[in-house]
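Sending over a structure as structure tokens; questions will come in a sec.
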Amino acid sequence: MDDISINVALARMEQTVSGDGKPVYFTIEFIKDDGSIRKMKAQKHVKFPAAETGKDEKSNFKYNLKNKGSILLYDTEAKGYRTIKIDRIIKFNDSNVLH
């Protein structure tokens, strides 16, 4: 199994569309607040029009994710947003993440 730095993993998460215009998905494994490990298929920067959801997605945040050391990802299987603490990420696309 390969190792990858957290900075490279975060940069790869920013790639939202492939060269042929298709959405980019990735798997991420992290430690939840309760200490359990969760693996999730995710995307970053998934936005839905306000007309589709009935509200502006960004209006729900009451704090700055970056200042809290967190990222917002869209869980493609649960079809919902998840906030993940960067320092708790342990794998990205089956590669061990080095902090």
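Each reported figure results from applying straightforward, stated rules to the coordinates on display, with no laboratory input. Note that the coordinates shown come from a computational prediction; the quantities given were computed from them, not determined experimentally. Cβ: placed from backbone, ideal geometry, glycine included. Neighbour counts: every protein chain shown.
What nm distance separates the two modelled labels at residue 81 and residue 93, each placed 7 Å from Cα along Cα→Cβ?
Label-label distance for residue 81 and residue 93, simple model: 2.5 nm.
While we're here: Fewest first, what order do 10, 98 take by the number of other Cβ atoms within 10 Å?
98, 10
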